[in-house]
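The structure under discussion appears below in the form of structure tokens.
Computed from the coordinates by the stated procedures, all read-outs in this text should not be read as laboratory data. Keep in mind that this is a model prediction, so the values were computed, not measured. Reconstructed Cβ throughout: ideal geometry from the backbone, glycine too, with neighbour counts over all protein chains shown.
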Amino acid sequence: GKSTLCRMLGHLLGGVWINQDEFSSRGKGAKKAFLAEIKRVAADTTIPVLIVDKINTMRQHRFDILKSMQCENHGNAVFVQLAHPKDAAGSFKNQSRLCISRIQGRGHNHRTLMGDDPKLKQILNMTVKGIEPMADDEMERFAGNFVVDMTLPAKKLLMTVLCQLGNAGFLCSFDVEGLSMQNRLSEAFSINQTAEAKLKVADEAAKTKEKAPGDGAKQQTTSGKKSKTSKQASDGEPQKAKEKQPLLWAVDLDGDSSDAVRALWNDLSISAPNLEVQHEFHCTLLFIGGKSDEDIASQHLHVQQSAEVTCLREKLEGREGEEVELMLTHLAWDDRIAAASVSGADDICLNRHAHVTIAHREDTPPVKSNALLARRAANADLASGLGQWLQQLGLQKHHDVIESWCEHAGVTTADGIAKRAAELVVALENEDKDERTHIEETLAHAACGEICEAPVDLKVRGNLHGWRKSK
């Protein structure tokens, strides 16, 4: 099911999907051509996401891919593993059975591994025996590592991966909720079905004689370009990182403070029955996610230069473990998410709106608190808040046109823009139809219900920590 997932994910994210099976016809030159294509796409700054589809059962396979991704355009390398929920760690019994069933069911609808191959079980057994699990030093080269249930229906599997990537902060420039809507998921599924039907027709016309494992193991690599983490593996031999860099820095609220926050929300939650309260609470200070200080600075309009990020990073490293006292001053929530504004973190927080996520809908990642508070600020003062809000939506490059349209249309709030999104996109005459549709959908879904607010005055405490992969 990995190619189905990759094809749908590539469609939704507007990325490039590179499937190893497509290179099987190259014979002995297949591997070289496959890695060369990864290198070419990774270097293309116009491509937002690179998805590499391969079984990746061996350490060298994964190392070669990371090495090919090495380029100046650093992004986040993320590893996604497909696993069977009934298999214990290190076991692939149920997964192998399901793979055999699926391969036999698809018949000749594949480029390399056919359902009627008499050696099918032998090929899968050999593949499973050759699996090399990822050790800690290899894990460190990836900014994220996710395991998903391979038994899920295709659209549910796609939505799960989107939510996982979104919750971890890897899709900050995408409207995750918009992408997760049923019409978008159904569209991606329909495109996949059409592609598989065409493949079946083509393969019936010219069946390949070569046989190679294509679905017998559980791993694939997904990458939004070559990550800084993976650069450590580019010199030939895998090497252990000098130090485990955190994915983010945060103040983790202690037990008493968490209980107080939970009690605070319980008094208000009747007005937001669809929101589930967080199991734990924290205030994110600096999200790194494997990015360079330059990349981080470019994602924050109020940050003038990368030296500010470097200085903050060093300050947080020096204060790790320190107890911090913060004040929750305001609660805001809509139909998707609830967050509390935080004061007292100005000197240690890069976010324009320091906050603690309180509760959220199941299909909404906590990172959406940034968009909620940016929307609230833009509703209060569009002139000063529009840029931050558009950046959270991934529409910052359209700021000047949208600002000009608002002045002529008399729109003074973010919610007003969302309500009149269809009118606004007419002004984007330099964009093609697909881009205008994307902008309209993003803006239309950016205001999910009216923002409710409540002033609070709650002192909380917690310890400053770097969240590493174990966290």
Requested in this report: Compute the long axis of helix 30-42 from its Cα atoms, compare it with the longest principal axis of the Cα atoms of the chain, and write down the angle in degrees, 0 to 90, nearest 10.
Outcome: 20 degrees
Query raised in the report: Between residue 126 and residue 399, what is the FRET efficiency for a Förster distance of 51 Å, r being their Cβ-Cβ separation, to the nearest 0.05?
Result: 0.40
Query raised in the report: Only one of the listed values, (i) 78, 65, 45; (ii) 70, 51, 43; (iii) 84, 66, 51, was derived from the coordinates as Cα extents along the principal axes in Å; which label is it?
Result: (ii)
Requested in this report: Note down the nm distance, to one decimal, between modelled labels 7 Å out along Cα→Cβ at residue 263 and at residue 136.
Outcome: 4.0 nm
Query raised in the report: Roughly how many whole Å is it from the C-alpha centroid of the stretch 401-471 to that of the stretch 77-105?
Result: 39 Å
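Quick check: from the Cα gyration tensor, does the stretch 118-177 come out rounded (a/c under 1.5), prolate or oblate?
oblate
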Query raised in the report: When the Karplus curve 6.51 cos²θ - 1.76 cosθ + 1.60 is applied with θ = phi - 60°, which whole-Hz ³J(HN,Hα) does each residue of the stretch 283-298 get, with x for Gly and Pro?
Result: 10, 5, 9, 8, 8, 9, x, x, 7, 7, 4, 5, 5, 4, 4, 5
Requested in this report: Show the residues, 5+ positions off or on another chain, whose built amide H is closer than 5 Å to the amide H of residue 394.
Outcome: none
Requested in this report: For the stretch 305-322, take each phi angle, set θ = phi - 60°, evaluate the Karplus expression 6.51 cos²θ - 1.76 cosθ + 1.60, and give the result in whole Hz per residue in order, putting x for glycine and proline.
Outcome: 8, 5, 4, 5, 5, 4, 4, 5, 4, 5, 5, 5, 4, x, 10, 4, x, 6
Query - Length-normalised contact order for the chain - Cα pairs under 8 Å, 6+ apart - percent - result: 18 percent
Requested in this report: Give me the number: length gained by fully extending residue 187 to residue 320, i.e. 0.36 nm times residue separation minus the C-alpha to C-alpha distance, one decimal in nm.
Outcome: 43.3 nm
Report task. Order the peptides 364-372, 443-451, 63-71 from the highest to the lowest mean number of other Cβ atoms within 10 Å of their residues. Result -> 364-372, 63-71, 443-451
Query raised in the report: Which of the peptides 375-386, 146-157 is most tightly packed, and how do the rest follow, judged by the mean count of other Cβ atoms within 10 Å per residue?
Result: 375-386, 146-157
Report task. Measure off 7 Å from each Cα along the Cα-to-Cβ vector at residue 145 and residue 88, then give the distance between these two points in nanometres to one decimal. Result -> 2.1 nm
**Report entry** Burial ranking of peptide ranges 323-336, 416-429 (average Cβ count within 10 Å, highest at the top)
**Finding:** 323-336, 416-429
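I need the calculated FRET efficiency for the pair residue 408 and residue 45, taking r as the beta carbon distance and R₀ as 41 Å, to the nearest 0.05.
Numbers: r = 33 Å, r/R0 = 0.81.
Efficiency computed from Cβ-Cβ geometry: 0.80.
Per DSSP H run of n ≥ 4, the term is -39500 (n - 2.57); total these for the chain, divide by its residue number, and report the mean residue ellipticity at 222 nm rounded to 500 deg cm²/dmol.
Only helices count here, giving -12500 deg cm²/dmol.
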Query raised in the report: Amide H of residue 253: which non-local residues (sequence gap of 5 or more, or other chain) have their own amide H closer than 5 Å, using H built in the peptide plane?
Result: 281, 282, 283
**Report entry** Placed amide H near residue 76: partners under 5 Å, 5+ positions off or other chain
**Finding:** 224
Query raised in the report: Which whole-Hz couplings ³J(HN,Hα) result when phi for each residue of the stretch 446-462 is put into the Karplus expression 6.51 cos²θ - 1.76 cosθ + 1.60, θ = phi - 60°, listed in order with x for Gly and Pro?
Result: 6, 10, 9, x, 5, 7, 9, 9, 8, x, 9, 8, 10, 8, 10, 10, x
Query raised in the report: Using +1 on the beta carbon of Lys and Arg, -1 on that of Asp and Glu, and nothing else charged, what's the dipole of the chain about the Cα centre, debye to 20?
Result: 2900 debye
Requested in this report: On a C-alpha basis, how far is the centre of the stretch 324-379 from the centre of the stretch 1-40 in Å? Whole number, if you could?
Outcome: 39 Å
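What FRET efficiency comes out for the pair residue 463/residue 432, r = Cβ-Cβ distance, R0 = 56 Å, nearest 0.05?
My answer for the efficiency is 0.70.
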Report summary line: The simple spin-label model distance between residue 300 and residue 25, using points 7 Å out along Cα→Cβ, in nm, is 5.0 nm
**Report entry** Residues of the stretch 324-341 with amide N under 11 Å of the 7 Å Cα→Cβ point at residue 456
**Finding:** 327-333, 338-341
